[in-house]
Amino acid sequence: MKPASASLPREGADAAALAAGAELGLPEFRAIAAVMQEDARIHLVESKIVLVHSRLSRRLREHGLTRFADYVALVREDPAERHAMVVALTTNHTHFFREDHHFDHLRQTVLPQLQARARAGMPVRIWSAGCSSGEEVYSVAMTLAGDGPSSAAWLRQGDVKLLATDIAPHVVESVARGVYSASTVQPIPAMYRDRWMKPHGGDFVVADELRALVTARVLNLFDRWPMRQKYDVIFCRNVMIYFDDRAKAELEARFVDMLAPGGHLYIGHSERLVGAAAQAMEPVGQTIYLKPGGRA
């Protein structure tokens with residue numbers, strides 16, 4: 001197979017080579033970091049300069065630029081490119097049933113409560129915040145649905161909705177499609193995989209019944225949230241590690257406010273609650289928190 005550059009016109013190949021070799025100096029890095037802090041509250045330290053260079057070299061190539069100084073100037077002038085840069089510098093690493101103790105707790109402790117609410121005619125709302133390409137929200141959906149039609153009946157009969165949000169439009173589109181490679185679905189327990197993942201060419205697609213539960217939307221967690229209802233469960237895992245303590249405290253306090261009394265918050269294994277959220281929530285498991293109080 002020919003290298004990708006072999007199919008480029010000579011001018012395109014030259015531009016690609018120049019962009020790849022463009023030096024990212026500290027002034028340009030700091031300007032980029034300032035935009036990330038302002039727009040997404042992502043804290044970029046100088047040790048990330050190689051990562052930033054790698055991820056943004058493609059943006060330079062797409063615009064035919066050979067200097068990061070020129071790219072920074074473009075970002076300052078062009079809101080669309082500014083957003084594209086933020087998306088390019090966000091991390092979208094996840095997999096099905098990651099940190100499986102969370103799903104054990106969801107199934108054993110929280111699921112009976114959610115089923116009782118649904119059977120009493122009350123809404124059930126779950127939010128996967130920073131959902132990446134959807135493996136998390138569909139892991140939640142499979143946990144709720146169990147391994148067959150009878151265990152999933154309460155979802156069909158009740159008012160149950162899952163929201164998946166991310167700042168990156170391309171991963172939100174992946175959630176809506178619900179299509180995953182054979183290797184990606186391997187971590188799914190067989191009882192769920194056999195029931196809820198359907199062959200789709202050489203890949204697998206999430207069953208229609210589960211995809212119908214999920215609404216995928218683009219959302220910057222530090223913008224105004226359009227949701228008005230309270231949530232029974234919020235997952236926000238391995239997202240806050242990219243924020244400074246001030247941003248973490250602000251976001252966690254908003255999550256607490258968005259949770260219904262008796263609701264649960266799941267965060268990543270290396271994350272912790274800080275500030276007001278730490279005072280308001282009760283730890284009930286490894287990086288699992290309960291908002292005290294019942295919900296009628």
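The values are calculated or read from the model by the stated rules, or taken from the named source; none is laboratory data. Note that the coordinates shown come from a computational prediction; the quantities given were computed from them, not determined experimentally. Positions of Cβ are backbone-derived with ideal geometry, glycine not excepted, and every protein chain shown enters the neighbour counts. Protein only, heavy atoms only, side chains kept; ligands, DNA and RNA dropped before computing areas. Shrake-Rupley method; radii C 1.70, N 1.55, O 1.52, S 1.80 Å.
Subtracting the Cα-Cα distance from 0.36 nm times the residue separation, let me have the gained length for Arg224 to Asp159 in nm, one decimal.
Values: separation 65, 0.36 × 65 = 23.40 nm, distance 2.51 nm.
That pair, Arg224 and Asp159, stretches by 20.9 nm at full extension.
Report the local net charge at Val179: Lys and Arg +1, Asp and Glu -1, summed over other residues whose C-beta lies under 14 Å from its C-beta. Write out the running numbers ahead of the final one.
Details: positive: Arg177, Lys198, Arg211; negative: Glu135, Glu173, Asp203, Asp208.
Residues near Val179 contribute -1 overall.
With every protein chain in place, what's the accessible area of Val86 (1.4 Å probe, Å², nearest 10)?
Only protein atoms counted, so the area is about 0 Å².
Give me the net charge for the shell around Val86: Cβ to Cβ below 15 angstrom, other residues only, Lys and Arg +1, Asp and Glu -1. Present the calculation step by step, with values, prior to reporting the outcome.
Numbers: positive: Arg41, Lys48, Arg55, Arg58, Arg59, Arg76, Arg82; negative: Glu38, Asp39, Asp78, Glu81, Asp166, Asp223.
It works out to a net charge of +1.
Just the accessible area per residue of the chain, please: how many Å² with a 1.4 Å probe? Each step should come with its number before you reach the end.
Numbers: 14200 Å² over 296 residues.
Value for the chain: 48 Å² per residue.
In whole Hz, with x marking every Gly and Pro, tabulate ³J(HN,Hα) for region 185-199 from phi via Karplus 6.51 cos²θ - 1.76 cosθ + 1.60, θ = phi - 60°.
7, 4, x, 5, x, 4, 5, 7, 4, 5, 8, 10, 10, 10, x
If amide hydrogens are placed 1.01 Å from N in the peptide plane, which non-local residues have theirs closer than 5 Å to the one on Phe243?
Amide H neighbours of Phe243, under 5 Å, 5+ apart: His43.
Does the chain come out rounded, prolate or oblate by the C-alpha gyration tensor, with a ≥ b ≥ c the root eigenvalues, rounded set by a/c under 1.5 and, if not, prolate when a/b is larger than b/c and oblate if not? Spell out each step's value before the answer.
Numbers: a/c = 2.59, a/b = 1.55, b/c = 1.67.
Oblate is the answer for the chain, as a/c is 1.5 or above yet b/c matches or exceeds a/b.
Once a ≥ b ≥ c are taken as the square roots of the eigenvalues of the Cα gyration tensor of region 160-296, is the result rounded (a/c under 1.5), prolate (a/b larger than b/c) or oblate (a/b not larger than b/c)?
On the way: a/c = 1.90, a/b = 1.76, b/c = 1.08.
Cα axes put region 160-296 in the prolate bin.
What share of the DSSP beta bridges in the chain is antiparallel, in percent to the nearest 5? It would help to have the intermediate numbers written out before the result.
On the way: 13 of 32 bridges.
Counting DSSP beta bridges with both partners in the chain, the antiparallel share is about 40 percent.
How high is the relative contact order of the chain, given as a whole-number percent (alpha carbon pairs under 8 Å, six or more residues apart)? Each step should come with its number before you reach the end.
Working: 437 pairs, mean separation 44.1, N = 296.
Normalised by residue count, the contact order of the chain is 15 percent.
Total Lys pairs in the chain closer than 29 Å by alpha-carbon, pairs eight or more apart in sequence or interchain only? The partial results should precede the final answer.
Numbers: Lys48/Lys248; Lys161/Lys198; Lys161/Lys230; Lys161/Lys248; Lys161/Lys291; Lys230/Lys248; Lys230/Lys291; Lys248/Lys291.
Final tally of qualifying lysine pairs is 8.
When the accessible area of region 151-230 is split by element with a 1.4 Å probe, what percent falls to carbon and sulfur?
Heavy-atom surface of region 151-230 belonging to carbon and sulfur, 1.4 Å probe: 50 percent.
Apply the a/c threshold of 1.5 to the C-alpha gyration tensor of region 83-175 and tell me whether it is rounded, prolate or oblate.
Details: a/c = 2.64, a/b = 1.98, b/c = 1.34.
Prolate shape, in that a/c is at least 1.5 and a/b is the bigger ratio.
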